[in-house]
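The values are calculated or read from the model by the stated rules, or taken from the named source; none is laboratory data. Here the structure is a predicted model, which means the values were calculated and not measured. Don't worry about glycine lacking a Cβ; one is built from the backbone with ideal geometry, like all the others, and counts go over all protein chains shown. Surface areas here come from the heavy atoms of the whole protein model, side chains and all, with no ligands, DNA or RNA. Shrake-Rupley method; radii C 1.70, N 1.55, O 1.52, S 1.80 Å.
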Amino acid sequence: MNSKKKNIEGQIVEDFEKIRPAITRLLQTQMKNDDISLRYGRSKSNSKNDIVINPSILVNTISKTNLDRDEVMIGTVVHEAIHATNNYSLDSESLNKLFPEELDDVEDIDDVLEILTGPFGKYVFDILIHSIEEKIFVKQYEGLNSILEDIYTESFSEIKKLGNFSQYLSLLFHSITSYIDPEFENYKKPVVSSLNESLHILKTLNYENVNVSELIEATVQMVDICRRYNILPDLDNYTLGEQKEIEESLDESVVNDLSKVLIPSSNNVTTGNTLQKFLGQTETKSTDEKLNLMDDHISKVGASTTIYFPSGNTAKVVENKIPNNYKNLYKNGLETYESLLQQWNLPIYKVTNKIKPYFIHNQKRQRISGFDQGDLSPHVPIMLASGRYERMFEQKQRLSNKSYAISLLIDGSGSMIEKNKDELHPWSLASALIGASYLSQICFELDIDFEVSIFNRAFASEHTENEETYNKRKFAVSSMLNRSYGSSAQELYSTANHYFIKEFKDSWRENYQQFIGLIEFSRNLRDSIDIGISNDSIPPVSMFEKGTNIDEINIMHATKRLLNHPSNTKMLVVLSDGMTRGSLSELQNSINFATKNGVDVIGIGIGNRGSWREYINNVQIEKPEQLIHSIVNITKDILIKNIKLTSGVA
Amino acid sequence: MGSQKFINPDNEKQSVEIEECKLDKKIEDFDSRNNRIPEVDEYYVDLGMQYRLAQVMNSTSKSFKNEIPIHIALMGHMGTGKDHDIEQFAAKLKFPYYRIPLSGEVRDVTLLGSVQLYGDGKGGTESRWQDGELTRALRGPAIVNLSELNAAGPEVLFALHSLLDRHRKLELPNGEVLSLREDTYIFGTMNPTSLRDYAGTQSLNKAFADRWVIWDKPFPNKEQLDAIFEKRYPKLQKEYRELIIKLATEVNNSFISDDISVNIETPMSLRTIVERIPIGLDVYVNSPDPLKDTWENFVLPHVNKEDLDHYKTLWNTIVRKGPSIKPKL
C-alpha cells in the first residue's frame, strides 16, 4: 500500500461519518425501511439491513480520481449501498416455463447460468442486474447521477484498451445506465456488432424493477450473440484442461478490466464477486466456515518465518512440503521426463559424469593436486584434458577436508508455465526442474547433502490438499479477507511460499515421485490432471497459476539454512526466469550477503525475458537444449574456483 | 348571513357548509374585532385540514348543540403550516382571529387580565380592570388559536381548565365569570414532544391533554408541495420545482426520523420552501446557478451548524448542479 493510500484511508472514517447520516436516511426513505443502517468497516454484514461499506472500495476509488473528494465519496458510498441492498432469488416456476427442457430441478443461479449459457453468461447477467438496479436508483437523484457520470467519464477512455468481451460488458453497462453516450463506432467491429444486436434485447427489458427471469433470458441471447461475433470463445473446440485455462484467464481479465472502468462494488464482478447478490442468501451457512479458514490462514502467515534482509527490511515466507498428490502424476511424469530428455537432446546420464569428478576430487578423496609425485587420482585424465590440472599427482598430507551442502531453488511463478505463441507446451519450469534433477542426481549419487525447493508468491497450498480443497479454501479466504481487511487483503492473501520437495534431512527416493509429478504438470499443465483420477487424488495445480515471485526472499531464506548447515562448502543454485517482483537492489544485497558468508550463489536463467545481472555467477538458457551444457559449465567453474581458493592449487 | 362550503379534497362530492361570522357593528369592540379578521391567502392550499376543521365545527354546533366541549389542537413541527391552517379557517369564515402563544413567559394575568392603576387627572390614581388577551378574545365572536400549548406554564393551564371543560367558563381574578360563547371557537397548536424537541416544551399535562382532540399536522409530502407550488408559482419551471421539493422532502424526512444517529435539528419549513427559496431565486435570477446561490445564501444560514454536513450531502446527492435556466416566478 503506498503512502497516498494510507493517508486516504486515515481520513476516510472522518469523511464517511460526515455523509453517513444523510445517506442512511436517503436509503431508508428510498427502500421504505427505517431499519437500514450504514457503517464503515471490514467486518461482515449482520443482516440484510446492515450495509457495510468496505474501506478498500473507497480507498481505491478516491485514490484514483481527480474529482472533488467529498462528491466522489458520496457517489462511491451510495453506489456501494445500492448494490448491497438488493438481494434476489430465482423464480424457478417462470424459469422452468421459459426453459422447460434444460432446467430440471436446478435452483442455483450459478448452475442455471452454466447450463443455459456456459461459464461466461454469469458476467453478462451480473452486468445486466448491476446496471438496471443502478439505473433505477440513480435516476431519482440528479446530483448523484452527475457525480457518477463524472466518475465514469474519468475512466471511460480506458474501455478502448480492454479485451473484446470486457469492452462489450462495459459498453452494455453504459447503454443501460445512460450516464455517457458510448458512441459504438469507436470500438472494434465484433464488439460493435454484438452491441448493436444486443440493443434490440435491451429495448424489451423492464427498467422499473429487476426481473430475474427476464434477465436470464436476455443473458442467454446475449451470450449467443457474443459467441457468434467471436468475442467469446466456443469452448467445445478445446480440451477440458484448455477450457479451464480459458475460463480462469477470462475471469481474471474481466475482473481486472471492469474494476478499471466501473466503480468497484463488493457485490459484483468488479471485485470478483460475481452473482454475490444471489449467493448472499446462502452465505450465512458457510460464512463461519470461511471465517475459520481465513483465521487459519492469517495464523499461518503470522507464524511463518521472518526473513531479515541486509538492508534491515523484513519479509515473511511460508514453508510447506510440496503437496503429496503430485506423486499421482509420477507415471505419466516419468514418460514426459524421458521424452523431454530425448526431444531436447539432453544426454543427462552421460554428462553427469563430466562434473562428478570435481565434487569427488574434493570431497571423497580429500586430497589436493599439483604435485610432481604422490597419489594418482582416477579422474586425472579428465582433469588434465580439461586443463584444470597442470600436474597429475596429489598429495595426502594436505587434506582439503571438503564437505558440501547444496540448495536448489526453483522458480515456481506463473511466468514459468507460460508458453510462447508458437509453442505447444511451456518449457521454462520443465527445464528448470530437469536442471535441478540433474544436479540432484549428482548429489544423490555422491552422497552430498542437498535440498530442493520450489518457490512462488501466491495463495499458499498445504501438503495434504487436492485441487478441489485448495480452490475452495482459496476462494473462501480471498472473499473473507477482502471483506475484513480491505486494501490489506492482498498482502495477507498472497504469501511468499517455499515448498520443499526435499529438505536436507529427507530421502531423495521418497520424494522423487512428487518431483517427477511436478515435471509432468510443468509440461502439460491442466492436461496432466485430466487422466481419470479421483478428485481427491488431483494435486492442487492452481497453486502455480497467477503466481509471481520475489527471488531475494527465497535466496535469504535458503542462505540462512545453508549457513546453519555444518558443511564447509555451500552452494545455492537458483533456477529462475529472472522475472522477480521484488527489488533488484535487495536481490543484489542478498546475493552479496550470501557470497560474503561463503555461499556460492549461481543464477541459472531460463528464457530471455528476465535479468540475471545481479547474480555474480550466472548463465542464461534461451533454449532447453542448452540446459545441461550450461549447468555443467557454470557448476564446474564454481567448483574449480572453490578448489583454488581453499587449496591454492588447481 | 353568507356561508362557506368546505370540500373534501380527497372526495369532492363531500362537503360541509358553515355559516360565516357576521359581526354586529353595535358591539363595543367592533373595530378592533373587525380588524382581527384575517385576509384570505390566495395562495393557501388546503391539504384537507380545512374540511376536517369544518366537519368538527359543524358536528359540535349542529349535532350536539355545543354541549360537548371539544377543541382541536394541531400537532406538528415548526414550519408545517399548522397555525396558517387555523388562520385561513378563520379568514374563510370571516371570524376575528386571535393567536395567543402560550410560551413560557406568558403568565395567567397576561391571558386573563389584571387590575391596573391609572391616573385620574386630578393628581390621584384609580384602579381599573384591564382584560388580558384571552379575555378580550372571548368577549365576542372569535376563533382563538392557543399556540404552543405544550409550552404553557402550570398557572396558565390551571386558568384554562374550566374554560375548556363542560363548565365552558373563564373565572377572572376580579370575580367576573366569562362564559364561552357559542360563536367562539378555541383551537390549539403544539410541537411534537420528543427528546430533541423545542425549548421549553413538555408533554401535555394529562388533565389538560384530555380537553383536546390532537391531530397530527405532518410536513407536506411531495404531491402536496407540488400543489402548493402549482398554485403559488405556476410559472416556475419544473426543473426548479422538482429539485426544491425533493430537497425539502429528504431534509424533512431526516428531521422527523426517530433515530438520533441520522436525524437533524433543522427542518425545511414551509416558509423556507415557498418563501425564502423563491425570493432567493429571484435575487439570483441572473446567476449561472440560481438554485445553488439561493441554497447557500437563503437556506444554509438558517441551518444549525451540526446539520450542515447533512444538508450538504443531500444537496450533492439530489442537486449538485442546479438548472442553468433563469427561474420564472
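What the table shows:
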item: Positions within the stretch A:18-46 being farther than 25 Å from residue A:151 by Cα, more than 10 Å from chain B (Cβ to nearest Cβ) and open to solvent by less than 60 Å² (accessible area, probe 1.4 Å), in sequence order; result: A:33, A:45
item: Residues of the stretch A:138-161 satisfying the condition of being of a type in the set (A, V, I, L, M, F, W, C) and open to solvent by 10 Å² or more (accessible area, probe 1.4 Å); result: A:151, A:156
item: Pair list, Cβ < 9 Å and 6+ apart or interchain, from the stretch B:238-263 residues that are in contact (Cβ under 8 Å) with a residue 60 or more places away in the chain and within 14 Å of residue B:323 (Cα to Cα) to residues that are of a type in the set (Val, Ile, Thr) and surrounded by fewer than 20 Cβ atoms within 10 Å (Cβ to Cβ); result: B:239/B:325; B:240/B:325
item: Top-ranked residue in the stretch B:208-232 [being at pLDDT 90 or above and part of a loop (DSSP other than H, G, I, E, B); ranked as farthest from residue B:81 (Cα to Cα)]; result: B:221
item: Matching residues in the stretch A:564-609 - criterion: being over 18 Å from residue A:455 (Cβ atoms) and acidic (Asp, Glu); result: A:600
item: Any hit, the stretch B:90-101, residues being within 27 Å of residue B:166 (Cβ to Cβ) and open to solvent by 60 Å² or more (accessible area, probe 1.4 Å); result: yes
item: Residue in the stretch B:275-291 that is within 12 Å of chain A (Cβ to nearest Cβ), crowded, with 20+ Cβ neighbours inside 10 Å and closer than 22 Å to residue A:73 by Cβ present; result: no
item: Long-range neighbours under 7 Å by Cβ, at least six apart or interchain, first residue at the interface with chain B (Cβ under 7 Å from one of its Cβ atoms) within the stretch A:140-154, second open to solvent by 60 Å² or more (accessible area, probe 1.4 Å); result: A:146/B:321
item: Long-range neighbours under 7 Å by Cβ, at least six apart or interchain, first residue farther than 30 Å from residue A:290 by Cα within the stretch A:493-514, second part of a helix (DSSP H, G or I) and open to solvent by 40 Å² or more (accessible area, probe 1.4 Å); result: A:508/A:444; A:513/A:327; A:513/A:330
item: Output for the stretch B:300-329, where each listed residue is assigned to a helix (DSSP H, G or I), touching a Leu at 6+ places or on another chain (Cβ under 8 Å) and either more than 12 Å from chain A (Cβ to nearest Cβ) or farther than 18 Å from residue B:250 by Cα (or both); result: B:300
item: Residue list for the stretch B:244-274, filter: open to solvent by 60 Å² or more (accessible area, probe 1.4 Å), assigned to a helix (DSSP H, G or I) and in contact with an Asp or Glu (Cβ under 9 Å, 6 or more places away or on another chain); result: B:246
item: Leading residue by the ranking (nearest to residue A:268 (Cα to Cα)) among those in the stretch A:29-76 that are over 34 Å from the mean Cα position of the chain (by Cα) and without any contact (Cβ under 8 Å) to a residue 24 or more places away in the chain; result: A:49
item: Helices (runs of 4 or more DSSP H) fully within the stretch A:135-215 counting 1 or more residues that are closer than 29 Å to residue B:314 by Cβ; result: A:142-156, A:164-177
item: Pairs where the first residue, in the stretch A:84-110, is under 18 Å from residue A:209 (Cβ atoms) and open to solvent by 70 Å² or more (accessible area, probe 1.4 Å) and the second is in a helix (DSSP H, G or I) and modelled with pLDDT under 75, C-beta under 6 Å, 6+ apart; result: A:87/A:277
item: Lone qualifier among B:131, B:120 - being surrounded by 11 or more Cβ atoms within 10 Å (Cβ to Cβ), without any contact (Cβ under 8 Å) to a residue 24 or more places away in the chain and in contact with a strand residue (DSSP E or B) (Cβ under 9 Å, 6 or more places away or on another chain); result: B:131
item: Counted residues, the stretch A:12-70 - those being of a type in the set (Ser, Thr, Tyr), touching a helix residue (DSSP H, G or I) at 6+ places or on another chain (Cβ under 6 Å) and not in a helix (DSSP H, G or I); result: 2
item: Some residue of the stretch A:88-99 being away from every other protein chain (no Cβ under 14 Å) and closer than 16 Å to residue A:269 by Cβ; result: yes
item: All positions within the stretch A:459-480 that are touching a strand residue (DSSP E or B) at 6+ places or on another chain (Cβ under 9 Å) and open to solvent by less than 10 Å² (accessible area, probe 1.4 Å); result: A:459, A:460, A:461
item: Per-region count, the stretch B:135-158, residues part of a helix (DSSP H, G or I), at pLDDT below 90 and buried (at least 22 other Cβ atoms within 10 Å of the Cβ); result: 3
item: Boolean, residue A:66 is at pLDDT 90 or above, more than 9 Å from chain B (Cβ to nearest Cβ) and more than 27 Å from residue B:249 (Cβ to Cβ); result: yes
item: Qualifying residue in the stretch A:497-516 (condition: in a helix (DSSP H, G or I), farther than 22 Å from residue A:575 by Cα and among the aliphatic types (A, V, I, L, M)); result: no
item: Residue identified as farther than 30 Å from residue A:598 by Cβ, open to solvent by less than 10 Å² (accessible area, probe 1.4 Å), part of a helix (DSSP H, G or I) and at pLDDT 85 or above among A:430, A:436, A:489; result: A:430
item: Among the residues listed as A:545, A:586, the single one being touching a Phe, Trp or Tyr at 6+ places or on another chain (Cβ under 9 Å) and open to solvent by less than 50 Å² (accessible area, probe 1.4 Å); result: A:586
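Yes/no per residue for (1) closer than 19 Å to residue A:138 by Cα; (2) open to solvent by 10 Å² or more (accessible area, probe 1.4 Å):
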| site | (1), (2) |
| --- | --- |
| A:170 | yes, no |
| A:179 | yes, yes |
| A:197 | no, yes |
| A:201 | no, yes |
| A:223 | no, no |
| A:237 | no, yes |
